[in-house]
Amino acid sequence: AITYSMSTGNETIEFSGYYWSKETYEAALRQAGFQTVQWRPLSCDPRGIEEYGQRFWESFLGTPPFIGIICQK
């Protein structure tokens, strides 16, 4: 596992990242009762781009270490 730390400005959030295939995630989520699974790519807050520039984020956004998933029952 890889531990990530992210700051919201007021607090720090830490979470562990693991690699499982997309199919594994979807099978587990459907087995848990979710009917729809939507994959959301990582994006950068415009304030981050304004402060550091687009080039600063290119590598991170080009090969993101994590992704968002939205599920509904």
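The values are calculated or read from the model by the stated rules, or taken from the named source; none is laboratory data. Given the structure is predicted, the values throughout are model-derived calculations rather than measurements. Here the Cβ is made from the backbone with ideal geometry for all residues, glycine too, and neighbour counts use every protein chain on show. Heads up: the accessible areas ignore ligands, DNA and RNA and are worked out on the full protein's heavy atoms, side chains in. Shrake-Rupley method; radii C 1.70, N 1.55, O 1.52, S 1.80 Å.
Per residue, the chain exposes an accessible area of 85 Å² to a 1.4 Å probe, with every protein chain left in place. Springs between alpha-carbon atoms under 10 Å, Gaussian network over the chain: tell me which of 34, 60, 15 tops the mean-square fluctuations. Looking only at 34, 60, 15, the biggest GNM fluctuation is shown by 15.
Projecting label points 7 angstrom from Cα along Cα→Cβ for residue 54 and residue 14 puts them 3.6 nm apart. In the list [x] 12.4, 39; [y] 14.9, 42; [z] 13.3, 47, the label attached to Rg and Dmax of the Cα atoms in Å as derived from the coordinates here is [y]. The C-alpha atoms of the chain define a longest principal axis, and helix 22-31 lies at about 50 degrees to it.
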